[in-house]
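Down below is the structure, laid out as structure tokens.
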Amino acid sequence: MIQPLEFFPYVAQELYAEKTSVIKCAEKYGTPLFIYSETAIKKAYQALDKSLEGIPHQICYAMKANSNLSILKLIKSMGGGVDTVSGGELFRAKKAGIKPDRIVFSGVGKSVKEIEQALKYSQKASVALINVESLEELDAIAIVAKRLKKTASIGFRFNPDVDALTHKHISTGKNENKFGMTKPEILQALEKYKKHPKIKISGISIHIGSQLTNVYPLRNAFQECAELFELLSDSLPQSLKFIDLGGGVGVQYQNETTIPIDSYAGIIKEIFKRPKFQQYKPKLLLEPGRLIIANSGILVSKILYRKYREDKNFVIVDAGMTELIRPALYEAHHGVLSVKKHLGPTQPIDLVGPICETGDFLARGANLPTGIAQGEYVAVLSAGAYASAMSSQYNSRPRAAEILVSGTKIKVIRKRETERSLILNEEIK
Ligand code: LLP
């Protein structure tokens, strides 16, 4: 598991990304700036991959966490596939050259157009698995498959009614959440579609939530999923090909205890030891997002102004909720550091953005150097996942640039948007 600062060390009193000076990047490419470490992404991916040795598996990176094309290509180069949730993500996956047999299509409401995209992903092939979220959605998939003369390989997304013990906005495995199907709903769909000529029931999937730091809910959910896998396999002419155990493994943002990768792999190996799994030999699919990318990235921002009051200190920077909405949306904590190391005292500071919203803050009460000055840079840590991907142009702010660093090599993987980018689709003649 990658730590927030593992690939962003201080070298001679200033922060680096691998072997590259953060200050030099900020000066050359401007701020706000996302910097990703290629080595960190590789290390996170390969650690998970290695922990699963002995189990036939495919990692399908949840590209919603960060869908930059260069990152997708990096994932692909290590043998990874992707978990997609929209037509736009399928489009990006195709642009990155990800092969259809490494693609899962999830998402709670797939439109007819998106179902067509998944079934016609490449000239010859459809995506490996479409995870179905309701009987009505499966009806729609069957109609489209018939019309296109394609066979849809589908999996049922199972909602096991398990509390994942995470923030309520990123909890997905309880009955009160909109996601997945209950066991009776799945059995009803199975009855209706088990002999359908254009629907191939090939998997079962589960994803109970994100930023999970406790292994027990996952273990319970996996076991329930395994039981359902066996029930379905027993009642079909051939067993299910895939068991898709989703994503959700949490990362370290501050001092939280996280799930060690070996414990995670351990609860997966437990289910693969079941006699029926030995007999049916399904392929394991996993959909990690945050685990691969969160601690591989930082957000660099420049200090515009300071406002020090008797009972409150604000540092106003040029990044805000448009680049990182997680603190506002989930009360998430991200570490912040001054890019230039100060040796003097520190004090609690609210690091806030320039956007006209009270909720526009990056960190509350961050321990920053008292001497931190206008024009200096700060780095917001753990900003690889769900930061750039959730960014917006609110307040008519062009989106930030993104660079990928490997040692001393720098690649711009997304140019900074311009003011023209803001109005591109509004200039109607
Ligand atoms: N698979 C499915 C079906 C998902 O819905 C998700 C995330 C993942 C995999 C990947 O989960 P991960 O391994 O990254 O935890 N914006 C929120 C997170 C939303 C997650 C949505 N689904 C945040 O910033 O915390």
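Tabulated data
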{"read-out": "DSSP-defined antiparallel bridges as percent of all bridges, the chain, nearest 5", "value": "50"}
{"read-out": "Cα centroid separation - region 358-429 against region 162-239, whole Å", "value": "37"}
{"read-out": "Mean-position separation - Cα centroids, region 27-79 and region 109-135, in angstrom", "value": "24"}
{"read-out": "Net charge contributed by nearby residues that have their C-beta within less than 11 Å of GLU116 (K/R +1, D/E -1)", "value": "+4"}
{"read-out": "Share, in percent, of DSSP beta bridges within region 99-288 that are antiparallel, nearest 5", "value": "5"}
{"read-out": "Loop sites in region 126-203: GluC sites (Glu not before Pro), DSSP, at most 16 other Cβ within 10 Å", "value": "GLU176"}
{"read-out": "Label point at LYS194 placed 7 Å out along Cα→Cβ; residues across region 149-185 whose backbone nitrogen lies under 17 Å", "value": "154-156, 183-185"}
{"read-out": "Over the chain: helical MRE at 222 nm, DSSP H runs n ≥ 4 each giving -39500 (n - 2.57), nearest 500", "value": "-8500 deg cm²/dmol"}
{"read-out": "FRET efficiency, LEU69 to SER396 (Cβ-Cβ, R0 22 Å, nearest 0.05)", "value": "0.30"}
{"read-out": "Length released on extending from LYS415 to VAL112, taking residue separation times 0.36 nm less the Cα-Cα span", "value": "105.8 nm"}
{"read-out": "Gyration tensor verdict on region 86-221 (Cα atoms; rounded if a/c is under 1.5, prolate if a/b is larger than b/c, oblate otherwise)", "value": "oblate"}
{"read-out": "Partner lysines for LYS174 [C-alpha distance under 23 Å; skip if fewer than 8 residues away on the same chain]", "value": "LYS64, LYS110, LYS183"}
{"read-out": "The chain: mean projected area of Cα convex hull, nm²", "value": "22.3"}
{"read-out": "Where labels lie 7 Å past Cα in the beta-carbon direction, separation of GLN278 and LEU236 in nm", "value": "2.3"}
{"read-out": "Only Lys, Arg (+1) and Asp, Glu (-1) charged, at Cβ; the chain dipole about Cα centre in debye", "value": "1680"}
{"read-out": "Per-selection Rg to Rh, region 1-88 - Cα, Kirkwood hydrodynamic radius", "value": "1.04"}
{"read-out": "Computed accessible area, ARG416, all protein chains, 1.4 angstrom probe, square angstrom", "value": "80"}
{"read-out": "FRET efficiency, 1/(1 + (r/R0)^6) with R0 25 Å, evaluated for HIS169 and GLN223 via beta carbons", "value": "0.45"}
{"read-out": "Coil-residue GluC sites (Glu not before Pro) of region 334-429, DSSP, other Cβ within 10 Å capped at 14", "value": "GLU357, GLU426, GLU427"}
{"read-out": "Net charge contributed by nearby residues that have their C-beta within less than 15 Å of LEU231 (K/R +1, D/E -1)", "value": "-2"}
{"read-out": "Among 305-316, 206-217, the order from most to least packed when residues are scored by Cβ within 10 Å on average", "value": "206-217, 305-316"}
{"read-out": "Members of LYS113/LYS241; LYS124/LYS198; LYS150/LYS200; LYS19/LYS50; LYS195/LYS276 lying beyond 20 Å, as alpha-carbon distances in this model show", "value": "LYS113/LYS241; LYS19/LYS50; LYS195/LYS276"}
{"read-out": "Contact order normalised by residue count of region 1-101, Cα under 8 Å, 6+ apart, percent", "value": "20"}
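The values are calculated or read from the model by the stated rules, or taken from the named source; none is laboratory data. Note that the structure is a prediction, hence the values are computed from the model and not measured. Note that each Cβ is placed from the backbone with ideal geometry, even for glycine, and that neighbours are counted across all protein chains shown. Surface accessibility is based on the protein's heavy atoms, side chains included, excluding ligands, DNA and RNA. Shrake-Rupley method; radii C 1.70, N 1.55, O 1.52, S 1.80 Å.
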